[in-house]
1. If amide H atoms are built 1.01 Å from N in the plane of the peptide, which residues on other chains or at least 5 residues away come under 5 Å of the amide H of Gly110?
2. Quote the charge dipole size of the chain about the Cα centre in Debye, to the nearest 20; the model charges only the Cβ of Lys and Arg (+1) and of Asp and Glu (-1).
3. Hey, how many Å between the Cα centroid of the range 95-136 and the Cα centroid of the range 1-76?
4. What is the local net charge at Gly14, summed over the other residues whose Cβ is closer than 14 Å to its Cβ (Lys, Arg +1; Asp, Glu -1)?
5. Normalised by the residues of the chain, what does the relative contact order come to in percent, with Cα pairs under 8 Å and at least six apart?
6. Cβ under 12 Å from Glu118's Cβ, Glu118 left aside: what net charge do those residues give with Lys, Arg +1 and Asp, Glu -1?
7. Can you list, bin by bin at 5 Å, the percent of alpha carbon pairs in the range 90-134, starting at 0?
8. Over 23 Å apart: what share of the alpha carbon pairs of the chain falls there, rounded to a whole percent?
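No value in this document is a laboratory result; all are computed from the given coordinates. Remember, predicted model here, so these are calculated numbers, not experimental data. Here the Cβ positions follow ideal geometry from the backbone for every residue, glycine too, while neighbour counts run over all protein chains shown.
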Amino acid sequence: MLPNVNPETGIRYGVVALNSLEDWVYEEFELHGKNLTAEYALAESGVDQDDDEALQDFWDDYYPEEEEYELETHDGLKLGLSYLGGAALVWVFESPVTTEARECSPCVPGAGDLDNQETGAFTCYTLPSEWFRQDM
């Protein structure tokens, strides 16, 4: 199977630059998402999670530069936020909305490039229109 395709539906994932989306989108990930980077760092640290002082010390020294998140919304979106070459990308793994877009560069093979939507191109998951910057 082609990479970056939903294995259950056969629909390509959509990928979009975070800076193409409204400012509140990052806050959605921070406030309502699962911080995968922090969870991994805590698990790898071996800190006893029942030891409040050790936990506080861990969080006091935790300074990641690029955190990865998962987010599921009440309206059927399953999203990810990760970084590629320092650029923040939002991944649309499932959505009630699809679009047609060019295929992403070799860095994200098979996924639809939501920054380059185009009629007649590949079908992929996308975000509702209100997530995209309206001032662009």
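1. Under 5 Å from the amide H of Gly110 lie the amide H atoms of Cys104, each far enough along the sequence or on another chain.
2. Around 1180 debye, computed over the chain.
3. 21 Å
4. Residues near Gly14 contribute -3 overall.
5. That works out to 33 percent.
6. Summing Lys and Arg as +1 and Asp and Glu as -1 gives -3.
7. Taking every Cα pair in the range 90-134, the percentages come to 5, 25, 31, 27, 10, 2.
8. Summing the P(r) of the chain above 23 Å gives 40 percent of all pairs.
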